[in-house]
Each structure stands twice: as structure tokens, then as C-alpha cells.
1. Could you sort 248-255, 34-41 so that the peptide with the highest average Cβ count within 10 Å comes first and the rest follow in order?
2. I need the phi-derived Karplus couplings for the stretch 60-66: 6.51 cos²θ - 1.76 cosθ + 1.60, θ = phi - 60°, integer Hz, Gly and Pro marked x.
3. Put THR257, THR247 in order of accessible area, largest first, 1.4 Å probe: what do you get?
4. Taking square-rooted eigenvalues a ≥ b ≥ c of the alpha carbon gyration tensor, is the stretch 167-268 rounded, prolate or oblate, where a/c under 1.5 means rounded and, failing that, a/b exceeding b/c means prolate?
5. Quick one: net charge of LEU178's neighbours, Cβ under 15 Å, K/R +1, D/E -1?
6. Rounded to the nearest 500, what is the 222 nm mean residue ellipticity of the chain from helices alone, with -39500 (n - 2.57) per DSSP H run of 4+ residues and division by all residues?
7. Take the residue pairs LYS32/LYS99; LYS81/LYS121; LYS99/LYS258 and return only those whose Cα atoms are more than 28 Å apart.
8. Once the dipole of the chain is set up with Lys and Arg at +1 and Asp and Glu at -1 on Cβ about the Cα centre, which of ALA253, VAL175, VAL188 lies farthest towards its positive end?
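The values are calculated or read from the model by the stated rules, or taken from the named source; none is laboratory data. Fair warning: this is a prediction, and the values are worked out from it, not measured in the lab. Methodologically, a virtual Cβ is constructed for each residue, glycine included, from the backbone with ideal geometry; neighbour enumeration extends over all protein chains shown. Keep in mind that these areas ignore ligands, DNA and RNA; they rest on the heavy atoms of the full protein, side chains included. Shrake-Rupley method; radii C 1.70, N 1.55, O 1.52, S 1.80 Å.
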Amino acid sequence: MSKTNLSNLDLNLLVILDTVFAERNLTIAGQKLFMSQSAVSHALSKLRDHFEDRLFIRRGNMMVPTPLCENIHHSLAPALKTILQSLEDRGDFSPETSKRTFCIGLSDYLCNLLLPQIIAKVRAEAPNINLRIVQATYEKRTAMLQDGKLDIFLGCSRDYGAGVLWEGLFFDREVCILRKDHPITGKVMTEEELAGAEFVALSLSESGLGFLEDFLCQKGFQRNIKVIVQQEAVIPSLVSGSDLIGTLAERLAQIYTKILPVRTIQLPLENTTFEVLQHWHTLNDNDPAHIWMRGVIREVSQSLPPAKP
């Protein structure tokens with residue numbers, strides 16, 4: 001239990017705690033808050049006295065949160081973000097005047113496909129709104145939504161937990177991409193070619209290779225993967241000068257077949273279609289700003305030209 005009641009705690013101190021937690025450094029936190037390092041240290045002393053906990057332990061130049069601090073911040077961050085955003089919007093969200101920043105999780109595939117149009121639409125409707133684009137692993141997405149570090153992320157369907165809501169946006173499918181003069185010449189890879197080829201694969205997971213590998217395993221296939229990358233957009237360049245074969249989303253592949261000496265072929269499977277969805281936390285479901293931002297993403301997604309057959 002703390003020594004003092006909540007009514008005696010300066011709530012501005014919680015903003016300082018949130019900033020130190022994010023930056024892990026008193027000097028950088030002070031710069032973000034326009035405060036001196038000594039002023040930040042003094043604020044932390046008040047918080048330590050209130051919670052009767054060290055909150056942060058110094059390790060070199062890094063401030064490492066204690067378990068209690070982790071728990072406090074986990075509950076504090078989304079509420080604090082909501083309060084600050086409400087103050088920025090004066091309690092009434094209007095795209096024309098809002099100065100909010102939205103953090104959106106996009107892979108480089110989706111950055112290529114959607115981000116230019118999203119930026120154009122945001123600039124036209126909300127010139128003072130800023131976007132921050134991040135790429136988060138599957139394992140971290142739910143926690144980032146819960147903590148308010150991520151507003152929306154786009155990706156394939158997965159079980160992200162009861163607190164994560166979703167909406168389908170569009171469909172794409174996985175294809176193989178290889179250099180134009182590759183020894184494999186057909187339009188559809190045979191099972192023998194799949195077994196004998198060397199692949200570069202995408203993984204946005206900290207454990208495993210994700211959707212396609214799980215799908216192939218269910219069908220009884222296993223690829224010889226020589227390189228694993230986290231950036232889907234580098235795959236065409238890697239295969240254009242080697243015998244490696246890559247797999248990537250067809251809409252992205254169509255972009256690179258126009259600018260690199262590469263072509264696409266189909267996997268020896270009946271269906272490699274997947275759906276791209278946008279996900280958000282239930283905490284933000286009724287937030288007018290989030291509803292507007294999700295609408296922007298939906299409209300841009302619906303404006304995509306049909307995928308080639």
C-alpha cells in the first residue's frame with residue numbers, strides 16, 4: 001500500500017513515469033518532457049515514496065522498471081493515452097483540427113500496397129494528424145494494443161485474444177517469385193521442384209515461420225529454406241540474382257515483376273489465398289478518432305484494383 005492517498009498524488013507525475021518507462025533514460029525523458037534530469041529524478045522520488053517501491057533500477061545508462069512498475073504502467077498507459085488524446089481534441093474529435101498521432105502496424109508488403117494512399121487521404125481530410133508506422137511481431141501485437149503503443153495493425157487472421165477486434169479488408173494469395181531465366185520454367189511448380197528448390201522465406205514471428213509454412217505442413221510439404229527475412233519487399237531483389245525462390249503476396253509480386261528481371265509461378269497447391277484484416281483493441285472500439293482512422297484504412301483497401309487472375 002502507498003503512504004499517501006491518490007487525491008494527494010500529482011497526476012502529472014504519472015506522465016513522467018510513462019515517459020521514463022518508454023525511454024528507459026532520464027536525460028532523454030527530460031528532453032521529451034522539457035524538464036531537466038534533476039527535475040525528472042525529483043519526480044521519480046515522489047512516485048517511489050507514494051508507491052513504496054523503487055519503480056526503476058539503474059543499470060548503466062538504462063532505467064529498468066521493477067515488476068510493480070510494469071504492472072502499474074500496464075494499467076496506466078491506455079488510460080493516460082485516452083486522457084491526453086481527449087485533451088488534444090478538446091473532447092470532440094474533428095479530423096480537420098485534430099493533432100493526434102496514430103501508430104499503425106504495417107508490414108513492408110502493406111506499406112507498398114496501402115501506405116501512399118493512406119497518407120494522401122489523411123493529408124486531405126486531416127492535415128494536422130501524424131502517422132507512425134511500426135512493424136511488430138505476431139507475439140507482441142496484442143500487448144502493444146493493450147498498452148496503447150499500437151492503435152491498429154493490419155495482418156492475417158490469428159488468435160490475438162478476446163480483447164482484439166477485427167475487420168476483413170481484402171484478399172491476396174501467396175505465389176513464388178524467381179528470376180526470369182531460372183531453371184524452373186513452368187507456370188506452376190511441381191511437387192518435385194518444390195521439394196528440390198532452395199527458398200528465401202518471410203517470418204514476422206519470434207517462433208516459427210507463420211502462415212505459409214503452417215499451410216504447407218498441413219498439406220504434407222516442407223521447403224528447403226536457406227534464408228529467412230522479416231522484410232517481404234527484399235525477397236524480389238534476393239531472387240533476381242540467384243537460384244533462390246521466394247514466396248510473397250501476389251499483389252506485391254506484381255509490382256516487382258515490372259521493375260526487376262523476375263517472374264511469378266504458382267505453388268502446387270489448390271488454394272494459397274489469405275485475407276488481410278485490420279485489428280484494434282476493444283478499448284478503442286467506440287473512440288471517434290479510431291472509427292475515423294479505421295474508415296480511412298477501409299476505404300483505401302476497398303479502392304485497390306482487383307488482383308490479376
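1. Numbers: 248-255: 20.4, 34-41: 14.0.
Ranking the peptides 248-255, 34-41 by packing returns 248-255, 34-41.
2. Rounded to whole hertz, the list is x, 8, 9, 9, 9, x, 6.
3. Working: THR257 45, THR247 5 Å².
The residues order as THR257, THR247, largest area first.
4. On the way: a/c = 1.39, a/b = 1.12, b/c = 1.24.
Cα axes put the stretch 167-268 in the rounded bin.
5. Details: positive: ARG179, LYS180, LYS187, ARG223, LYS226, ARG263; negative: GLU174, ASP181, GLU193, GLU198, ASP243, GLU250.
Spelling it out: positives minus negatives among the neighbours equals 0.
6. On the way: 11 runs with 126 residues, N = 309.
Helices in the chain give a 222 nm mean residue ellipticity of -12500 deg cm²/dmol.
7. Working: LYS32/LYS99 17 Å; LYS81/LYS121 24 Å; LYS99/LYS258 38 Å.
Flagged as over cut-off: LYS99/LYS258.
8. ALA253
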